[in-house]
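Following: one structure in structure tokens, then a few remarks.
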Amino acid sequence: QRENNMVMMKALAVAFSMATAAEALNAPKSSLNTAWSYPTTTAVEEMTTTEMPFHQQLQQHPWVKAVKETARGGGVAKSFDVALLAYFFFWYLGNYYYNITNKLALKNSGGSKGFPMTIASLQLLVGVVYALFAWVAPDMRAPPTITASDVASMLPVAFCSMMAHCASVFALSAGAVSFGQIVKAAEPAFAAVLSTFVYGRPISKAKWFCLIPVIGGVVIASVKELDFAVSALVAASSANLFAAIKGNENKKLMDTPGLKDRLGSVGNQFAVTSILSFLMSLPMLIATEGGKWSDFVATLKSTPAVMNNLLLSGAYFYAYNELATMTIKKTNAITQSVANTAKRAIIIIGVGIVLQEDLPLPKIVGSLICIAGVFLYSTIDSLLA
């Protein structure tokens, strides 16, 4: 299993390098050759056995070379966006494996009574290590040229991002992954209230009506939830609240004159946010679980599954979030809505089956109603226009 996980991590890394190269070189949206083939498992396994440093192998990978060549004018096919499909595929794959490895790390370390805050914080650290490596590695990603004022303006977004992540991890430690994902699917309800009453951006009446199936679906799914915990519901709802605030604050942040140019790329924006989020998580870690640090270290030594899944979940979390950011940048609002709707369904059903969670009929029906409501909420204004 560990070997399979390592192969999957490096497959994600291939997509990472491709995405980074495409963005850094401003590759056109539909500029990839349709003749390219996806890397096979055998090809990825061969990359894991060579003595060449892995980041150098990535730069030699055909996808990375092709993206660079295409960005310089060497692309020939423009009717099929292979890069965008790759973004979607690895975004879904990373999210899927993050939820599995995150749950395994939490479960093997004691669940909600174990070290959820420590695990959440260290997952952010894994992303920080990658971000810093990307900036110092040759030809990988140019670092941002932001000022102290820019960093200060990014603090609200980073804080909300940290709180949303930590609350999500705690929710998944206290209950089933499928239940946590169903509650998190209700994020539009929180976004609607905040947008209307706090940020002065009212939504349409049609969107308000679409919130009825969203909230109703969550209620139906919770009726016979065998792994129900009030703490999981509260934590997942808190994650929704902070995610909604983050979305609104991010819109304000991007209006800062010249900030996009100083950041340089979407990847850099996510990297800086991740670094700030990790630093902000440390005081919470110390306050809530600092006294249990020696117990956590002992758990790492006695239970290898905790260490393995902690590192993997941190890598998957950073990878799928950055790829999601890049995917959203290349698509329109309708495509994003469909993608997020499909992702929720895949995670709720797929992860529930893999982790052998209980999936009674009310839970499945409720999740489908909720997801359908989210899709309508995201698209109703365009459909009625």
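The values are calculated or read from the model by the stated rules, or taken from the named source; none is laboratory data. It should be emphasised that the depicted structure is a prediction, and the values quoted were computed from it without experimental measurement. Because the Cβ atoms are built from the backbone with ideal geometry, glycine has one as well, and the counts that use them run over all protein chains shown. Remember, those area values only see protein heavy atoms, side chains included, never the ligands or the DNA or RNA. Shrake-Rupley method; radii C 1.70, N 1.55, O 1.52, S 1.80 Å.
Annotations
- When the stretch 168-190 is filtered for residues that are open to solvent by 30 Å² or more (accessible area, probe 1.4 Å) and under 16 Å from residue 371 (Cα atoms), the ones remaining, listed by number, are 184, 187, 190.
- Inter-residue pairs, beta-carbon under 6 Å, first part of a helix (DSSP H, G or I) and in the stretch 85-105, second modelled with pLDDT of 85 or more and small (Gly, Ala, Ser), 6+ apart: 94/319; 98/313; 101/313; 102/313; 105/313
- Take the conditions (1) surrounded by fewer than 16 Cβ atoms within 10 Å (Cβ to Cβ); (2) modelled with pLDDT of 95 or more; (3) of a type in the set (Gly, Ala, Ser); residue 291 misses just one of them, which is (2).
- Filter result (farther than 12 Å from residue 376 by Cβ and among the small types (Gly, Ala, Ser)) within the stretch 205-225: 216, 221, 222
- Condition met for residue 152 (over 19 Å from the mean Cα position of the chain (by Cα) and crowded, with 23+ Cβ neighbours inside 10 Å): no
- Cross-chain or 6+ apart pairs with Cβ under 9 Å, the stretch 289-305 first and in contact (Cβ under 8 Å) with a residue 12 or more places away in the chain and aromatic (Phe, Trp, Tyr), then open to solvent by less than 40 Å² (accessible area, probe 1.4 Å) and assigned to a helix (DSSP H, G or I): 293/118; 293/285; 296/118; 296/119; 296/289; 296/306
- Counting residues in the stretch 140-154 that are in contact (Cβ under 8 Å) with a residue 12 or more places away in the chain and within 30 Å of residue 293 (Cβ to Cβ) gives one or more.
- Screening residue 358 against (1) at pLDDT 95 or above; (2) open to solvent by 50 Å² or more (accessible area, probe 1.4 Å) leaves a single unmet condition, (1).
- The listed residues are 120, 137, 158, and the only one of them that is modelled with pLDDT of 85 or more, within 18 Å of residue 279 (Cα to Cα) and surrounded by fewer than 24 Cβ atoms within 10 Å (Cβ to Cβ) turns out to be 158.
- Hits in the stretch 228-255 (condition: modelled with pLDDT under 85 and open to solvent by 30 Å² or more (accessible area, probe 1.4 Å)): 228, 230, 231, 233, 247, 250, 251, 252, 254, 255
- Considered as a group, the residues in the stretch 363-385 that are polar (S, T, N, Q) and open to solvent by 30 Å² or more (accessible area, probe 1.4 Å) include one that is modelled with the lowest pLDDT, and that residue is 378.
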